[in-house]
Amino acid sequence: MNRQNLHIQNARLIDPASGLDSRLDLFVGDGRIAAIGQPPAGFAADRRIDAAGLIVCPGLVDLSTRLGGIEPELGAAVSGGVTSLACPPDSKPPLDEPGLVERLVRRSETLGLARVYPIGALTHGLAGQRLAEMNGLARAGCIGFSQANQPIDTQLLLRAMQYAATFGYAVRLRPQDQFLAGDGVAHDGEVASRLGLTGVPVSAETVATATALLLASETGVRLHLSRLSSAAGVALVREAKRSGMQVTCDISIHHLHLSEIDIGYFDSNARFDPPLRAASDRDALRAAAQEGLAALCSDHTPVDADGKQLPFAEALPGATGLELLLPLTLLWAEQASLPLAEALARVTCDPAAILGIDAGSLAIGSPADVCVFDPTEPWRVSAESLRSQGKNTPYLGYEMSGRVRMTLVGGGIVFEA
């Protein structure tokens with residue numbers, strides 16, 4: 001990564017954190033935002049970049065990126081404008097030992113692409129039997145702890161929250177009661193019934209959400225609920241926030257656009273965990289994102305062809321998302337008639353605040369993690385156009401609008417179209 005003094009000219013500058021949306025020049029120096037509008041005293045640009053017709057915003061911050069091969073996935077991240085990402089602990093092996101976390105952090109720093117923030121395993125091996133060594137994992141670089149999609153009994157979860165609260169650690173949960181979910185593979189509704197698929201009821205999410213909220217209220221832990229999928233789930237979070245609880249949540253970008261109908265005739269690319277739910281749930285998720293209740297994430301889960309070319313119930317859940325996060329956010333903004341700065345907040349400053357990292361802002365002095373994109377440039381989603389090793393997405397063959405032209409991390413150009 002080669003840091004330079006950069007002068008980005010003629011761009012539409014959008015900084016959701018400050019509410020800035022104006023045509024101004026941006027100056028980058030010493031890896032940070034040096035000035036906006038006018039150059040700082042003595043500034044000499046190594047390179048001038050004409051961004052006429054383009055938008056310059058903070059680099060995107062993703063709350064859930066699974067890394068298969070770290071280099072191709074971080075390459076996919078920066079080509080999608082994502083400069084910071086949180087990595088869940090359900091890697092192989094799980095992130096339950098400090099040495100594993102240190103190697104991941106070192107490897108990502110060596111590559112010099114997107115910044116990686118590991119989420120440590122809440123229990124050893126994510127097996128839900130005994131707590132992981134949170135102190136050691138935090139020292140190694142973990143910024144929170146999660147059980148990913150794996151079950152944990154309520155008593156152990158209470159102990160985990162008590163311990164995390166004592167040391168100020170954040171706990172991230174993907175709320176799903178595994179006993180209620182059973183071996184379900186789709187939303188427990190009309191489509192699953194018609195296709196003969198085993199359903200996952202909304203109560204699997206709401207029971208787990210209510211439990212997590214009650215335990216968090218009792219322990220005072222910082223709680224984040226990942227990838228809510230239902231109207232009832234976001235309603236519980238909304239009520240908890242109204243009562244004064246410090247709880248945050250996010251929604252997968254796929255669940256913001258898709259519903260159970262998009263399963264079609266057993267399209268395994270539309271198999272997700274949690275499943276795509278009813279259209280009314282999708283509309284409630286959109287409302288939650290629009291009001292700022294929830295941030296958005298890519299839920300990037302690269303799955304190879306062998307994992308998807310199976311009957312729907314046997315296929316691995318998940319889809320590639322890093323390179324689609326920006327265009328799908330732009331599409332949502334257009335469909336919801338939402339100001340672009342407001343929509344971009346859900347993938348920049350809002351997730352940065354949830355993670356507690358110095359990112360998602362163009363404030364002077366902040367790290368120069370920047371996304372430069374053309375909001376109208378069309379491109380077709382295909383195996384060839386995606387840099388991720390995972391080509392699995394319900395959007396294969398679709399035409400998107402919005403293409404990243406350049407990505408900066410720490411003032412260095414890490415991607416240029």
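Quickly work out the E342-to-S18 label distance, labels modelled 7 Å from Cα along the C-beta direction, and quote it in nm with one decimal.
2.2 nm
So what's the back-of-envelope 222 nm ellipticity for the chain, counting only DSSP H runs of four-plus at -39500 (n - 2.57) apiece and dividing by all residues, rounded to 500? Before the final figure, lay out the partial values.
Details: 14 runs with 130 residues, N = 417.
Calculated at 222 nm, the ellipticity per residue is -9000 deg cm²/dmol.
Can you report the principal axis dimensions of segment 238-309 using only the alpha carbons, biggest first, rounded to whole angstrom?
Per principal axis, max minus min of the Cα coordinates gives 46, 23, 16 Å.
Taking 0.36 nm per intervening residue step and subtracting the Cα-Cα distance, what contour gain separates A287 from T110 on full extension?
That works out to 59.7 nm of additional length.
Note down the nm distance, to one decimal, between modelled labels 7 Å out along Cα→Cβ at E314 and at S243.
Result: 4.5 nm between the two label points.
Taking the Cα centre of each part, how many Å lie between segment 194-261 and segment 379-415?
29 Å
With axes computed from alpha carbons, what is the tilt in degrees of helix 231-242 against the longest principal axis of the chain, rounded to the nearest 10 within 0 to 90?
Computed tilt is about 70 degrees.
Once phi is turned into ³J(HN,Hα) by the Karplus curve 6.51 cos²θ - 1.76 cosθ + 1.60 with θ = phi - 60°, what whole-Hz value does each residue of segment 292-300 show in order, with x for glycine and proline?
x, 5, 10, 7, 10, 9, 7, 6, 4
For the chain, what is the relative contact order in percent, using Cα pairs closer than 8 Å and at least 6 residues apart in sequence?
About 21 percent, as a whole number.
With the other protein chains left in place, how much accessible area per residue, in square angstrom, belongs to segment 190-283 at a 1.4 angstrom probe?
Per residue, segment 190-283 has 38 Å² of solvent-accessible surface.
As a test of understanding, state the convex hull volume per residue of segment 172-283 from its alpha carbons, in Å³.
Hull volume over Cα atoms, normalised by residue count, gives 89 Å³.
Please report, in whole Å³, the volume per residue of the convex hull around the C-alpha atoms of segment 23-168.
Numbers: hull volume 22.6 nm³, N = 146.
So the per-residue Cα hull volume is 155 Å³.
Taking 56 Å as R0, compute the FRET efficiency from the Cβ-Cβ separation of E190 and H124 and round it to 0.05.
Efficiency at R0 = 56 Å is approximately 0.85.
Full extension from E334 to F179: what is 0.36 nm times the residue separation minus their Cα-Cα distance, to one decimal in nm?
51.9 nm
Each label point is 7 Å from the Cα along the Cα-to-Cβ direction; what then is the distance between the points at K92 and A417, in nm?
In this crude spin-label approximation the distance works out to 3.4 nm.
Pairs of alpha-carbon atoms within less than 8 angstrom and 6+ residues apart define the contacts here; what relative contact order does segment 1-115 have, in percent?
Working: 175 pairs, mean separation 26.5, N = 115.
Value for segment 1-115: 23 percent.
What angle, in degrees between 0 and 90 and rounded to the nearest 10, separates the Cα long axis of helix 279-290 from the longest principal axis of the Cα atoms of the chain?
That helix lies at roughly 40 degrees to the long axis.
Search the structure for amide H atoms under 5 Å from the amide H of L13, placed 1.01 Å from N in the peptide plane, and list their residues when 5 or more places away or on another chain.
Hits under the 5 Å cutoff: S22, R23, L24, V56.
Multiply the residue separation of T376 and T166 by 0.36 nm, subtract the distance between their alpha-carbon atoms, and state the gained length in nm to one decimal.
This chain segment gains 70.8 nm when fully extended.
For the chain, what number results from the quotient of the Cα radius of gyration and 2.2 N^0.38 Å?
Taking N as the residue count of the chain, the ratio is 0.95.
Enumerate the residues in segment 368-409 having an amide nitrogen under 15 Å from the point lying 7 Å beyond the Cα of E71 toward its Cβ.
Taking a point 7 Å out along Cα→Cβ of E71, the residues of segment 368-409 whose backbone N falls under 15 Å are 388-389.
Which whole-Hz ³J(HN,Hα) couplings does segment 154-166 yield from phi under the Karplus relation 6.51 cos²θ - 1.76 cosθ + 1.60, θ = phi - 60°, glycine and proline marked x?
Listing the rounded values in order: 5, 5, 5, 4, 4, 4, 4, 5, 4, 5, 4, 5, 4 Hz.
Under 5 Å between amide hydrogens, which residues at least 5 positions from E323 or on another chain qualify, with H placed 1.01 Å from N in the peptide plane?
none
Could you give me the ³J(HN,Hα) list for segment 408-416, computed from phi with Karplus coefficients 6.51, -1.76, 1.60 and θ = phi - 60°, whole Hz, x at Gly and Pro?
10, 10, x, x, x, 7, 9, 8, 8
Taking the Cα centre of the chain as origin, sum charge times position over the Cβ atoms of Lys and Arg (+1) and Asp and Glu (-1), and report the length of that vector in debye to the nearest 20.
Details: 34 positive and 46 negative charges, 135 e Å.
Here the size comes out at about 640 debye.
Could you state the angle between the C-alpha long axis of helix 70-79 and the longest principal axis of the C-alpha atoms of the chain, as a value from 0 to 90 degrees rounded to the nearest 10?
60 degrees
If you find the alpha carbon centre of segment 129-188 and of segment 48-66, how far apart are they in angstrom?
About 32 Å separates the Cα centre of segment 129-188 from the one of segment 48-66.
Around R277, which amide H atoms from residues at least 5 apart in sequence, or from another chain, sit under 5 Å from its own amide H, with H modelled in the peptide plane?
E260
Taking a quarter of the surface of the convex hull around the Cα atoms of segment 100-167, what do you get in nm²?
Over every viewing direction, the Cα hull of segment 100-167 projects on average to 4.7 nm².
The values are calculated or read from the model by the stated rules, or taken from the named source; none is laboratory data. Values in this document were obtained by computation on a predicted structure and should not be read as measured data. Every residue, glycine among them, receives a Cβ derived from its backbone with ideal geometry; neighbour counts consider all protein chains shown. Ligands, DNA and RNA are excluded from the accessible area calculation, which covers all protein heavy atoms including side chains. Shrake-Rupley method; radii C 1.70, N 1.55, O 1.52, S 1.80 Å.
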